Amino acid sequence: MKLNVGKPLCFIDLETTGINAAKDRIVEIAVIKISPNGSEERLEQRINPTVAIPLATSLIHGIYEHDVRLMPTFKEFAHDLHQFIGNADLAGYNSNKFDIPLLVEEFLRAEVDFDMRNRRMIDVQNIFMRMEQRTLTAAYKFYLNQKLENAHNAMADVEATYEILMAQLDRYQDVEVEDKDKNLVQPIKNDMQALADFSTHHRNADLMGQIILDDDDQPVFNFGQHKGKLVKEVFERTPGYYDWLMNADFPLYTKRIFTSIKLGVYKFKS
């Protein structure tokens, strides 16, 4: 099937220093430009973000600071990228929420007028989520091929959740997926630790994921200006930051973890 585009459409994907669209920087950009005549052009470029790339982020996308040290900065590359994209509509995966906002921020920092007026934005993830809903009712239908009665009744919902997990264990018990090291593993098994590991995106020090653990089990900030930095090192360099956190609107449990780190008594329990 040929895409029915009235003007060029650019599929965009970014690899970045983090997941904050307002503050993080691009380290790699790839674009596929589809023209109305069906022709395709590709552009791929690594970018020197001019800021540190957190190790936890590099371990995800495989791009380290030494890989981009000699690459152009976004400001140096911005005009070529702007010319390549032109007046095209934009598409991507989670692009409305992340890639496009971050890209526009980079253009603004580079003082390039990337006009968003009259650009249509197509987010493939949103289409996926709308068409293949991930609600409890949809999961019940998918795994058990039944309609969930009394949805949003607490007991009905928790019974359904229990049934869905049992169905997942049956469905995926021998299914292999790639782990972060590209090794094939069978993560879905009747083992609570294995299920907990697979259903968690980060290893959290607190419950809300404001503090996560690095590969050495050391707590690092997962938000704000110190994102990716060791909590204890920030407290040592900027003592007033701890006081600000204690007076800010964080959960009490998170504040308890901050205090234990500051006092030097925090210990991760797996």
Subject >> The one condition in (1) touching a Ser or Thr at 6+ places or on another chain (Cβ under 6 Å); (2) farther than 30 Å from Q218 by Cα; (3) of a type in the set (A, V, I, L, M, F, W, C) that L43 fails to fulfil >> reply: (1)
Original post:
Hey, among the residues in the stretch 144-202 that are loosely packed, with under 13 Cβ neighbours inside 10 Å and among the small types (G, A, S), which one's nearest to I60 (Cα to Cα)?
Top reply: S199
**OP:** Would you confirm whether any residue within the stretch 113-120 is at negative phi and of a type in the set (S, T, N, Q)?
**Re:** no
Original post:
What's the number of the condition H152 fails, among (1) on the phi > 0 side of the Ramachandran plot; (2) in contact with an Asp or Glu (Cβ under 7 Å, 6 or more places away or on another chain)?
Top reply: (2)
Original post:
Counting only residues that are touching a strand residue (DSSP E or B) at 6+ places or on another chain (Cβ under 8 Å) and either in a loop (DSSP other than H, G, I, E, B) or loosely packed, with under 13 Cβ neighbours inside 10 Å (or both), how many does the stretch 103-134 have?
Top reply: 2
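Go through the residues of the stretch 17-40 one by one and say whether even a single one is in contact with a His (Cβ under 8 Å, 6 or more places away or on another chain), charged (D, E, K, R) and either farther than 30 Å from D181 by Cα or in contact (Cβ under 8 Å) with a residue 24 or more places away in the chain (or both).
yes
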Subject >> Counted residues, the stretch 51-77 - those being more than 21 Å from the chain's Cα centre (by Cα) and hydroxyl-bearing (S, T, Y) >> reply: 1
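Do the conditions hold for T50, that is, is it exposed (fewer than 15 other Cβ atoms within 10 Å of the Cβ) and in contact (Cβ under 8 Å) with a residue 12 or more places away in the chain?
yes
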Subject >> Qualifying residue in the stretch 91-98 (condition: in contact with a Leu (Cβ under 8 Å, 6 or more places away or on another chain) and either loosely packed, with under 11 Cβ neighbours inside 10 Å or acidic (D, E) (or both)) >> reply: no
**OP:** Mind listing just one residue for me: the one in the stretch 1-23 that is touching a strand residue (DSSP E or B) at 6+ places or on another chain (Cβ under 8 Å) and hydrophobic (A, V, I, L, M, F, W, C) and, of those, nearest to K227 (Cα to Cα)?
**Re:** L14
Original post:
Name the residues in the stretch 194-232 that are of a type in the set (K, R) and either modelled with pLDDT of 85 or more or over 21 Å from the mean Cα position of the chain (by Cα) (or both), would you?
Top reply: K227, K229, K232
Original post:
Which helices (runs of 4 or more DSSP H) does the stretch 1-93 wholly contain that include 3 or more residues that are at pLDDT below 95 and over 16 Å from A110 (Cβ atoms)?
Top reply: 55-61
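Looking at the stretch 233-270 only, could you name the residues that are among the hydrophobic types (A, V, I, L, M, F, W, C) and more than 28 Å from the chain's Cα centre (by Cα)?
If the condition is that a residue be among the hydrophobic types (A, V, I, L, M, F, W, C) and more than 28 Å from the chain's Cα centre (by Cα), then L263, V265 are the ones that fit.
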Original post:
Which members of the stretch 142-157 meet the condition of being over 27 Å from Q186 (Cβ atoms) and either among the hydrophobic types (A, V, I, L, M, F, W, C) or assigned to a helix (DSSP H, G or I) (or both)?
Top reply: L148, A151, A154, M155, A156, D157
Subject >> Scan of the stretch 78-110 for residues that are more than 22 Å from F128 (Cβ to Cβ) and under 23 Å from the mean Cα position of the chain (by Cα), ordered by number >> reply: V104, E105, E106, F107, L108, R109
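The values are calculated or read from the model by the stated rules, or taken from the named source; none is laboratory data. A quick note: this is a predicted structure, and the numbers were derived from the prediction, not measured. Counting neighbours? That spans all protein chains shown, and the Cβs are built from the backbone with ideal geometry, glycine included.
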